[in-house]
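Notes for the one structure printed next.
The values are calculated or read from the model by the stated rules, or taken from the named source; none is laboratory data. Just so you know, these numbers come straight off a predicted model, no measurement behind them. Glycine also receives a Cβ, built like all others from the backbone with ideal geometry; neighbour counts cover every protein chain displayed. Ligands, DNA and RNA are stripped out before the accessible areas are found, and what is left, the full protein with its side chains, is counted by its heavy atoms. Shrake-Rupley method; radii C 1.70, N 1.55, O 1.52, S 1.80 Å.
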Amino acid sequence: GTGYEGVDCSSFMQIVFEDHFGVNLPRTTREQIKEGKRVKRSKLKEGDLIFFKTTKCDMHVGVAKDSKHFLHASTSRGVMISSLDELYWSQRYLETRRVL
């Protein structure tokens, strides 16, 4: 989804980056992962895009709140803040991209 009532992760990133940073991002995670430059996880900072491989064919994206937490939209649980140290996310971490 792309509206405020029902948003998926990549659309949420579009909204956050447009509204708060004045940056236009592509629509899908597959397009967003090509933006900016790759950053080591140890160099993560606020505003970086964080990508996860959630299934064989699907990715998830969020934005770093700090070096340990990220903001993202879950289609089942809504907008939330999660820890990168949670087992689920740490096992699925794919890469970080800096677009700001």
List the chymotrypsin sites (Phe, Trp or Tyr not before Pro) within the range 2-100 that fall in a DSSP loop (any state other than H, G, I, E or B) and whose Cβ has at most 11 other Cβ atoms within 10 Å.
-> Tyr4
Sequence of Thr28, Thr75 when ordered by accessible area, the most exposed leading, probe 1.4 angstrom = Thr75, Thr28
By accessible area of protein heavy atoms, probe 1.4 Å, what ranking do Met80, Met13 get, highest first?
-> Met80, Met13
Nearest-10 value in Å² for the accessible area of Val79, using the 1.4 Å probe | 80
Top mean-square fluctuation among Glu35, Glu46, Glu86, Gaussian network model of the chain, C-alpha springs under 10 Å?
-> Glu86
Residue separation between Tyr93 and Met80 times 0.36 nm, minus their alpha-carbon distance, gives in nm 3.0 nm
Sticking with the crude label model, points 7 Å out along Cα→Cβ, report the distance from Ser42 to Asp66 in nm, one decimal please.
-> 2.1
Out of Val7, Leu44, Gly78 - ranked by how far each Cα lies towards the positive end of the dipole of the chain, with unit charges on the beta-carbon of charged residues - the top one is Leu44
Once you charge only the Cβ atoms, +1 for Lys and Arg and -1 for Asp and Glu, what is the size of the charge dipole of the chain about its Cα centre, to the nearest 20 debye?
-> 560
Report the convex hull volume per residue for the chain, counting only C-alpha atoms, in Å³.
-> 94
Going from most exposed to least, what order do Ser74, Ser42, Ser11 have by accessible area with a 1.4 Å probe?
-> Ser42, Ser74, Ser11
